[in-house]
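Below is one structure; the comments refer to it alone.
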Amino acid sequence: KAGVTQTPRYLIKTRGQQVTLSCSPISGHRSVSWYQQTPGQGLQFLFEYFSETQRNKGNFPGRFSGRQFSNSRSEMNVSTLELGDSALYLCASSPGTQNYGYTFGSGTRLTVV
Amino acid sequence: DAKTTQPTSMDCAEGRAANLPCNHSTISGNEYVYWYRQIHSQGPQYIIHGLKNNETNEMASLIITEDRKSSTLILPHATLRDTAVYYCIVRTFTGTASKLTFGTGTRLQVTL
């Protein structure tokens, strides 16, 4: 069974640019969540999508957005990049019901210069 | 959101049991305790989760106190490959939405 696939693995962008990251969940999983990991703040929840609807959102500015497609694949977008957006962005998928764990992808390492 | 408190770091000799404690005194009745670990900035790996009963799987055992205010993850025979940061997490729910609130975790070092 294929795991959670995140693309690209590494990315370098310039301040002010925007970036789109992609996540393909495990087949059959309907929930996709996104997390940001930085050395200073640790792992922080960004948002969760279920059946193409955002059903939970963390405490991040509006520059961070996401969406989910009918095949459950998800993208997150960060506009007007800042140096502080440099981080490991992790995607996690889940069947979406209460008693199941999340499976994480390997992440996308974003560096903003 | 329910907070978790874990020791910053622990050491364990290879072959011995590693017992990782976690406090979650503000946990609510319907909130699950999850354990994940992360190796070398890879994605976190799911280990085990539970609500109020003790749980065991091929990786570990989870012991939850009767009042659910604390738990212990047990790796029965630690190996060098178990060296990682271990996160104890309370999964919070808002209606049907949920999220994992990560703390700072315990850095477990397994040594020869």
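Structural remarks
- Isolated cysteines of the protein assembly as shown, defined as having no other cysteine beta carbon under 4.7 Å away, are B:CYS12.
- Exercise: per-residue mean of other protein chain Cβ atoms within 10 Å, B:81-92: 1
- For B:99-109, mean number of other protein chain Cβ atoms within 10 Å: 4
- Semi-axes of the equivalent ellipsoid of chain A are 23, 14, 13 Å, computed as sqrt(5λ) over the eigenvalues of the C-alpha gyration tensor in descending order.
- Computed on the stretch A:1-90, with alpha-carbon pairs under 8 angstrom and 6+ residues apart, the relative contact order is 32 percent.
- Antiparallel bridge percentage (DSSP; both residues within the protein assembly as shown; nearest 5): 90 percent
- Total accessible area lost when B and A pair, probe 1.4 Å, Å² to nearest 100: 1700 Å²
- Viscosity 0.890 mPa s, temperature 25 °C, Stokes-Einstein D of chain B from Kirkwood C-alpha radius, µm²/s: 174 µm²/s
- Which of B:THR106, B:THR8, A:THR5 is most accessible, then next, and so on - probe 1.4 Å: B:THR8, A:THR5, B:THR106
- Per-residue accessible area (protein heavy atoms, 1.4 Å probe) orders B:LYS52, A:LYS13 as B:LYS52, A:LYS13, starting from the largest.
- Counting Cβ atoms of other protein chains within 10 Å of each Cβ in A:39-46 and taking the mean gives 4.
- Of the residues A:LEU83, A:GLN44, A:THR7, the one whose Cα sits farthest towards the positive end of the charge dipole of chain A is A:THR7 (charges of +1 on Lys and Arg Cβ, -1 on Asp and Glu Cβ, taken about the Cα centre).
- Size of charge dipole - the stretch B:28-112 - debye, nearest 20, with Cβ of Lys, Arg +1 and Asp, Glu -1, no other charges: 220 debye
- Ordered by 1.4 Å accessible area with all protein chains kept, A:TYR49, B:TYR46 run largest first as B:TYR46, A:TYR49.
The values are calculated or read from the model by the stated rules, or taken from the named source; none is laboratory data. Not measured: the values here are computed from a predicted model. No Cβ is skipped: glycine too gets one built from the backbone with ideal geometry, and neighbour counts run over all protein chains shown. We work out accessible area using only protein heavy atoms, side chains counted, and drop any ligands, DNA or RNA first. Shrake-Rupley method; radii C 1.70, N 1.55, O 1.52, S 1.80 Å.
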